[in-house]
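Scroll down for the structure; my scribbles are underneath it.
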Amino acid sequence: MPHTVNTGFVDVFRPETIVCNLPSRTRDDALAALLRLLEEETPGRDPQVMLDELIAREALAPTVVYPGIAVPHLRLEGLSRLLVAVGTSVPGIPFNGDAQHPVHAIFLVLTPKSMPDAYLQFLAGLSKKMIALKDVRLIAGCPSPDELCAMLTSGKDDFPPFVSAMHMMAHNPATLLESDHLGTAIDLFCERRLYDIPVVDEQGDVRGVVSLEDLLQISLPEHLLWMHDLTPIIQFEPFADLLRKDRTMRLADFMREEYISVPPDVPAIQLAKIFLMEKTRQILVMEGRHLAGVVNLHSFISKLFWA
């Protein structure tokens, strides 16, 4: 871990930046209360401006990363180290209008803008803490900041030494079965607005991938692509023919068996090189033949530069 980043949870979790049982009943009031806890360590910054930015970011990318837990985040110029304020709520606080699934613990994270990996390393470490604790109610029910601080700093204290593919990937990506039909793929592409979808077998092992370009490829045979002018085909006849077969043509008949993959522990910087060199939009993260997750270019850029 770079020496400029906090080395563990003992460094970031402190009783003076923890509020047990937040009196706030709204997301915005809770965020404002947590920002006030970090006011002395963010001199010269307007709390209202930071709050407005947090709210705007929530509208674009909600930060409820685990059930009952939100981890809102800001990157700030001139900050020397990662800062965290924690607030809990036994009854829960509706986040982003979802009253059915309230948030019971909020970890507000401020990181230096010059450290793009700091938030991701914190998030990875927090994930291990949450798995060990098993239930967010153990956090929400702590009676005092000292006890909550002790709970959060118990056990192994280090953040992951570097951000890897497992920290950048989507853990439950959309997939298709090789036995699925073309129509199923079309539905998923359109409903989820995807560009590339892994194809797996019944055991979750990767068999190939299918992309939007593949749909065009099977619609326009190669001999048509050699034609300079396709204007005589004004009624999209090749596409109409394909749609007539959308419930009989199996993905196994036209999916691509070549794909780009990495193991979960490969450093995330390697993903950046692969995206550039291979001109791909998607990298599969695999444990042997099994699909562990997917890193999409858009998500990668968002987490690296904006998350």
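Round to the nearest 10 and give me the degree value, 0 to 90, for the angle of helix 118-133's Cα axis relative to the longest principal axis of the chain.
80
Give me the extension gain from residue 191 to residue 217: residue separation times 0.36 nm, minus the current Cα-Cα distance, reported in nm with one decimal.
Stretched out fully, the residue 191 to residue 217 stretch lengthens by 7.3 nm.
Dipole of region 64-201, Cα-centred, from +1 at each Lys and Arg C-beta and -1 at each Asp and Glu C-beta, to the nearest 20 debye?
Rounded to the nearest 20 debye, it is 480 debye.
In µm²/s, what is D for the chain at 25 °C and 0.890 mPa s, where D = kT/(6 pi eta Rh) by Stokes-Einstein and Rh is the Kirkwood radius from Cα pairs?
Diffusion coefficient, whole number: 112 µm²/s.
Under the rule of at least 5 residues apart or a separate chain, name every residue whose amide H is placed under 5 Å from the amide H of residue 103.
Amide H to amide H, under 5 Å and 5 or more residues apart or across chains, residue 103 pairs with 93, 95.
Can you give me the distance in nm between label points at residue 240 and residue 113, each placed 7 Å from the Cα along the Cα-to-Cβ direction?
So the two model labels end up 5.6 nm from each other.
Skipping prolines and chain starts, which residues have an amide H placed within reach, meaning under 5 Å, of the one on residue 208, given they are 5 or more residues away or on another chain?
Amide H neighbours of residue 208: 199.
Considering only 89, 227, 170, whose Cα is most displaced toward the positive end of the charge dipole of the chain, charges sitting on Cβ of Lys, Arg (+1) and Asp, Glu (-1)?
89
Hey, what angle do you get for helix 268-278 against the long axis of the chain, alpha-carbon based, 0 to 90 degrees rounded to 10?
20
Could you rank the peptides 101-107, 211-217 by their average count of other C-beta atoms within 10 Å per residue, with the highest value first?
The densest-packed peptide leads the list: 101-107, 211-217.
Per-residue counts of other Cβ atoms within 10 Å, averaged by peptide: what ranking do you get for 65-72, 42-49, 246-253, highest first?
Output ranking for 65-72, 42-49, 246-253: 65-72, 246-253, 42-49.
Mind jotting down the distance between the C-alpha centroids of region 224-296 and region 150-209, whole Å?
Region 150-209 and region 224-296 have Cα centres spaced 15 Å from each other.
Can you list the residues, at least 5 places off or on another chain, whose amide H is less than 5 Å from the amide H of residue 19, using H built in the peptide plane?
Correct list: 86, 87, 88.
Could you give the nm distance between label points at residue 270 and residue 248, where each point is 7 Å from its Cα heading toward the beta carbon?
Distance between the two pseudo-spin positions: 4.5 nm.
Run the numbers on the chain and let me know its relative contact order in percent, using alpha-carbon pairs under 8 Å that are six or more apart.
17
Expressed as an acute angle from 0 to 90° and rounded to the nearest 10, what is the orientation of the C-alpha long axis of helix 27-37 relative to the principal long axis of the chain?
Rounded to the nearest ten degrees, it is 50.
Karplus couplings for region 181-191 from phi (6.51 cos²θ - 1.76 cosθ + 1.60, θ = phi - 60°), rounded to Hz, Gly and Pro as x?
These are the phi-based 3J(HN,Hα) values: 9, 3, x, 5, 5, 4, 4, 5, 4, 6, 5 Hz.
In debye, nearest 20: dipole of the chain around its Cα centre with unit charges on the Cβ of K, R (+) and D, E (-)?
Around 480 debye, computed over the chain.
By accessible area of protein heavy atoms, probe 1.4 Å, what ranking do 306, 226 get, highest first?
226, 306
The values are calculated or read from the model by the stated rules, or taken from the named source; none is laboratory data. Computed from a predicted model, the values in this text were never measured in an experiment. Positions of Cβ are generated from backbone atoms using ideal geometry, with glycine treated the same way; all protein chains shown enter the neighbour counts. For the accessible areas, the whole protein counts, side chains as well, though only heavy atoms, and no ligand, DNA or RNA atoms are used. Shrake-Rupley method; radii C 1.70, N 1.55, O 1.52, S 1.80 Å.
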